[in-house]
Amino acid sequence: MSSLQLINAKADIVRKAAALGININAGKSLQEVLKSNLGPKGTIKMLVGGAGQVKLTKDGRVLLHEMQIQHPTAAMIGRAATAQDDIVGDGTTSNVLFIGELMRQAERYIGEGVHPRVLTDGIDQAKFEVLKFLDGFKVEKEITRDLLIEVARTSLNTKIHPSLANPLTEYIVDAVKTVEKDGAIDLHMIEIMHMQHKMSTESKLIKGLVLDHGGRQSDLPSRLENCYIMCLNVSLEYEKTEVNSGFFWSNADQRQKLIESERQHTDDKVH
């Protein structure tokens, strides 16, 4: 009995050199998309979602997360690049460009008849040589505020305009140093929030609590000093129920009873 091969009727089957060429083209195509992002003069990409929402960015991590990558090889390259970003916080675009260029150079040698296994062995040897070079090239330096500012400036200037990046570098370093404890930084103490109020160039660091919430009372003053602050782990707002429910009233008295019961429920939590 001959062997059976069950596949999707709509699938395309490619083998050997054709499959290799498609995988190489996937890496090169991803490189073509991201290569114009690199550097302080990189161009910004516009991403349009299915609901029409627009996002402008030149950050490689955001692009790789937002793009609908269908090809499995390209998706694997994207995951490798975002994994580096998760560990060191930068280098997503550079990683994709590096892989794409490796694929481009490999394609030349494959066209000349070199076996892919020889190329992978060569890439492995190159990896060991690069790691050996980095071990000898690295410089042991004390982590100071000036060094952290240089690192932040290098990273930020590849993402946003220098007029915004340079002032932000000191704010970012000081913000991180604020949550530093015994030389370690708890990343759970850092939360990224989008605050759309004024111009980006008007950003500043507040060493304290910023409560982006209106006053609960109309007569509450906008400035208070030497206050007592109570930290609660319960919500004091009226919350929606987890099930579909409704309250219907036929007169104003019934509606007033609903308001009073909600208020009583909140008062009980406060007490």
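The values are calculated or read from the model by the stated rules, or taken from the named source; none is laboratory data. Since this is a predicted model, take the numbers as computed values, not measurements. All Cβ positions, even for glycine, are placed from backbone atoms using ideal geometry, and neighbour counts span all protein chains on display.
In the range 103-131, what residues are in contact (Cβ under 8 Å) with a residue 60 or more places away in the chain and either of a type in the set (A, V, I, L, M) or not assigned by TED's automatic domain parsing to the domain that holds G42 (or both)?
Hits for the range 103-131 are M103, A106, I110.
Does any residue of the range 158-176 turn out to be over 19 Å from D90 (Cα atoms), at pLDDT below 80 and surrounded by 10 or more Cβ atoms within 10 Å (Cβ to Cβ)?
Scanning the range 158-176, I find no residue that is over 19 Å from D90 (Cα atoms), at pLDDT below 80 and surrounded by 10 or more Cβ atoms within 10 Å (Cβ to Cβ), so the answer is no.
Among the numbered conditions (1) under 25 Å from the mean Cα position of the chain (by Cα); (2) farther than 30 Å from H161 by Cβ, tell me where V210 comes up short.
(2)
Is there a residue in the range 176-193 that is more than 30 Å from T144 (Cβ to Cβ) and not charged (D, E, K, R)?
No, the range 176-193 contains no residue that is more than 30 Å from T144 (Cβ to Cβ) and not charged (D, E, K, R).
Go through the range 199-237 and report how many residues are within 18 Å of D267 (Cα to Cα), loosely packed, with under 10 Cβ neighbours inside 10 Å and at pLDDT below 75.
Keep residues of the range 199-237 that are within 18 Å of D267 (Cα to Cα), which gives 215-217, 230-237.
Cutting the leftovers down to loosely packed, with under 10 Cβ neighbours inside 10 Å gives us 216-217, 230-235, 237.
Filter once more, so that each one left must be at pLDDT below 75: 216, 237.
Counting residues in the range 199-237 that are within 18 Å of D267 (Cα to Cα), loosely packed, with under 10 Cβ neighbours inside 10 Å and at pLDDT below 75 gives 2.
For the range 188-198, state whether one or more residues are surrounded by 10 or more Cβ atoms within 10 Å (Cβ to Cβ) and either in a loop (DSSP other than H, G, I, E, B) or among the hydrophobic types (A, V, I, L, M, F, W, C) (or both).
Looking through the range 188-198, at least one residue is surrounded by 10 or more Cβ atoms within 10 Å (Cβ to Cβ) and either in a loop (DSSP other than H, G, I, E, B) or among the hydrophobic types (A, V, I, L, M, F, W, C) (or both).
Any residue at all in the range 140-149 that's in a helix (DSSP H, G or I), exposed (fewer than 13 other Cβ atoms within 10 Å of the Cβ) and of a type in the set (A, V, I, L, M)?
yes
For the range 199-208, which positions are in contact (Cβ under 8 Å) with a residue 24 or more places away in the chain and part of a loop (DSSP other than H, G, I, E, B)? Show your work before the answer.
Looking only at the range 199-208, we keep the residues that are in contact (Cβ under 8 Å) with a residue 24 or more places away in the chain, and these are 200-201, 203-205, 207.
Residues satisfying the conditions are S203, K204, L205, K207.
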